[in-house]
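Structure record follows, encoded as C-alpha cells.
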Amino acid sequence: MTTTACPSRDEALALLHEWIENPALRKHCLCVEAAMRAHAVRVGEDPGRWGVTGLIHDFDWERHPDLERHPVAGVAVLREKGWPEDVCTAVLGHASHTGVARETLMAKTLFAVDELCGFIVACSLVLPDKSVANLEAKSVKKKLGRADFARNVSREDIVQGAAGLGVDLDAHVAFTLEALKASREGWER
C-alpha cells in the first residue's frame with residue numbers, strides 16, 4: 001500500500017494544543033499515542049505514523065463532544081489540512097457510532113487502545129501515588145469487572161478491541177500497561 005507522508009509529531013502536537021485545553025484530555029491523547037507507538041513497534045509498523053494517529057484521535061472532542069459531530073468534524077479538518085486518508089479513516093473508525101469499518105491494523109489498534117488507555121489511567125489515579133508505574137495488570141483486569149469503577153469507559157469496546165487484534169485480553173492489558181509505564185515521563189505529570 002502506498003502511504004502519503006504523515007505530518008510530524010510537532011505538527012500533531014500543535015493541532016492538539018490549538019484544539020484542546022483540558023489537561024486530562026491532552027493526557028489521554030498522549031497515552032493513546034504512547035500505546036500506538038508501542039503496538040506499531042511490536043508489529044513492525046511505523047511508530048511515528050501510528051503515534052500521531054493516536055495523538056490526534058480526539059483532538060476535536062472539546063469543540064464537538066457529541067456523537068453526531070465527533071470525530072467526523074475533526075476528520076474534515078484533517079482532510080482539509082491534507083492528512084493521509086489511512087489516518088483519517090482510523091480516526092473515524094475509533095468511534096463505533098461512525099459506522100466506519102476498521103480494516104487496517106492501525107485502525108484496529110487505535111480502537112483497541114483508546115478506551116483501555118483511559119481505563120488504565122483511571123486505575124492509576126486510585127493508587128496512593130497516582131502513578132501508572134506502580135499499577136499491575138492484574139489490578140486493571142480486576143477493575144474491569146467492576147461496573148461501578150470508571151463507569152464511562154466501555155468494557156465492551158476494550159474486549160472487542162482485543163478480539164479485533166486477535167490477542168488475549170490479559171495480554172492486551174499487560175502490553176498496553178507496559179507501554180504506558182515506559183512512556184509515562186511524557187504524559188504523567
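Each reported figure results from applying straightforward, stated rules to the coordinates on display, with no laboratory input. All figures in this text were calculated on a predicted structure; none of them were measured in a lab. A quick note on method: Cβ atoms are made from the backbone with ideal geometry, for glycine too, and the neighbour counts reach across all protein chains shown.
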- Note on the structure: Of all trypsin sites (Lys or Arg not before Pro) in the stretch 45-151, the ones in DSSP coil with at most 14 other Cβ atoms within 10 Å are R63, R69, K81, K130, R146, R151
- Once fully extended, how much extra length lies between E21 and S8, figured as 0.36 nm per residue of separation less the alpha-carbon to alpha-carbon distance? 2.6 nm
- Task: Find the relative contact order for the chain and round it to a whole percent, using C-alpha pairs within less than 8 Å whose residues are 6+ positions apart.
- Result: 20 percent
- Task: Could you go through the stretch 111-124 in sequence order and give the Karplus-derived ³J(HN,Hα) for each residue, using 6.51 cos²θ - 1.76 cosθ + 1.60 with θ = phi - 60°, rounded to whole Hz, and x for Gly and Pro?
- Result: 4, 5, 9, 4, 5, 4, 4, x, 5, 4, 4, 4, 4, 5
- Query: Can you give the net charge of the other residues whose Cβ lies under 14 Å from the Cβ of L169, counting K and R as +1 and D and E as -1?
  - Reply: 0
- Message: Rounded to whole Å, give me the distance from the Cα center of the stretch 54-105 to that of the stretch 14-40.
- Response: 14 Å
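R79 to E156: FRET efficiency via 1/(1 + (r/R0)^6), r the Cβ-Cβ distance, R0 25 Å, to the nearest 0.05? Numbers along the way, then the final one.
On the way: r = 29 Å, r/R0 = 1.17.
Computed FRET efficiency for R79 and E156 comes out at 0.30.
Return the FRET efficiency for the residue pair D129, V43: r is the Cβ-Cβ distance, R0 is 35 Å, and the value is rounded to the nearest 0.05. The partial results should precede the final answer.
On the way: r = 32 Å, r/R0 = 0.92.
Efficiency for this residue pair is about 0.60.
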- Item | Computed helical MRE - 222 nm, the chain, DSSP H runs ≥ 4 contributing -39500 (n - 2.57), nearest 500 | -19000 deg cm²/dmol
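Net charge near A147, counting Lys/Arg +1 and Asp/Glu -1 over other residues with Cβ under 15 Å of its Cβ?
Working: positive: K141, K142, K143, R146, R151, R155; negative: E115, D148, E156, D157.
Once all neighbours under 15 Å are counted, the net charge is +2.
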